[in-house]
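Structure first, then comments.
Computed from the coordinates by the stated procedures, all read-outs in this text should not be read as laboratory data. Treat the numbers as computed from the prediction; the structure is a model and nothing was measured. Cβ placement follows ideal geometry from the backbone for every residue including glycine, while neighbour counts extend to all protein chains displayed.
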């Protein structure tokens, strides 16, 4: 069956999705584009070979689709997703699932009562470098992992989903609209990845600030540390204030016999190994090996293919809403503990059903 997709929300992220759908055109056709700004919806329509109709109300797109890619600002996720599910549409919803636990639970309930697929767009779990890193960690190829560190460094001021805006118009800077700050909006990807790779968390801490990112009402720079049941540690540094970067998007997994490095910008997975004992004053040397190259990886294409597989088979999505909610609960507990100047208790918030 060839599916028809409604693309709801036509900002920069939607344009990125649209540009990567071509490998799936044998299984998928975009039946409609939707945005409250009609010229934006029409602009995305023109990117597609069939130039589907454009609408300002997503309900007008229902006759033209059986599934939906929802790419709206966070505070609009819940109502739109529930309306689509109640109309009998399968939904791939951009992350984070929603801004509150009640909204998330209402979305999950809507998917269940309508017997429809609801999947969360955590595309980084489909990146080939990270899929291979996860396999190597699971198989303990280089021994046990004791530290996973993730860096994501961006500059976001003056741009919303690829559209230039003023600070006042920057919806992702507004706590009530985005659901928090940089950690909730973008860091949710990397909290999800930590849980996927390292298992069940037990405690953690967050320190965030909008120092030098004053266009953010909450943190524009975020530091998270999490301890896991195994004893492993996870760390994430994210900022939206970077005017330069060396690490960019980097993942370092320290294992007993070496360190795995996924350099997303370079498209390479490295093994750093055989470093000698530290000797002050001596040059430290190590072996460097390229394990995998994926310079043109487009994880949103693999993500959409998986969504279609789930629609066709009824399979539980790899990035399902229940596990997504657990990841958001981690963030909410970290925020609460930060406000109370204590460690967060994260017991019971692991990834339970994820598989690929």
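Here are a few things to note about the model shown:
- Extension gain for residue 217-residue 296 works out to 24.9 nm (0.36 nm per residue, less the C-alpha to C-alpha distance).
- Overall dimensions of the range 1-95 as given by Cα atoms, namely Rg and Dmax in Å: 11.8, 33
- Value of relative contact order over the chain, rounded to a whole percent, pairs C-alpha under 8 Å and six or more apart: 17
- Relative to the longest principal axis of the Cα atoms of the chain, helix 299-313 runs at roughly 60 degrees.
- For the range 1-90, the relative contact order comes to 35 percent (Cα pairs under 8 Å, sequence separation of at least 6).
- In terms of other Cβ atoms within 10 Å, 20, 125, 135 run from fewest to most in the order 135, 20, 125.
- Taking the fewest neighbouring Cβ atoms within 10 Å as the starting point, the ordered list for 216, 1, 124 is 1, 124, 216.
- Counted over the chain, the DSSP beta bridges are approximately 60% antiparallel.
- Take the Cα of residue 230, step 7 Å toward its Cβ, do the same at residue 101, and the gap between the two points is 2.8 nm.
- Treating r as the C-beta distance of residue 1 and residue 347 and R0 as 45 Å, the FRET efficiency rounds to 0.55.
- 16 Å reach of a label modelled at residue 289, 7 Å along Cα-to-Cβ, counting backbone N of the range 141-157: 141-144
- Nearest-ten-degree value, helix 128-138 long axis tilted from longest Cα axis of the chain: 50
- Computed [θ] at 222 nm, deg cm²/dmol, the chain (DSSP H ≥ 4; -39,500 (n - 2.57); rounded to nearest 500): -8500 deg cm²/dmol
- Residue order for 193, 136, 47, fewest other beta carbons within 10 angstrom first, comes to 47, 136, 193.
- Euclidean distance of C-alpha centroids, the range 114-138 and the range 312-356, integer Å: 14
- Listed candidates (1) 20.6, 71; (2) 22.1, 73; (3) 20.6, 79 - label of the one calculated as Rg and Dmax of the Cα atoms in Å: (1)
- What the Cα atoms of the range 157-262 give is an Rg and a Dmax of 15.5, 50 Å.
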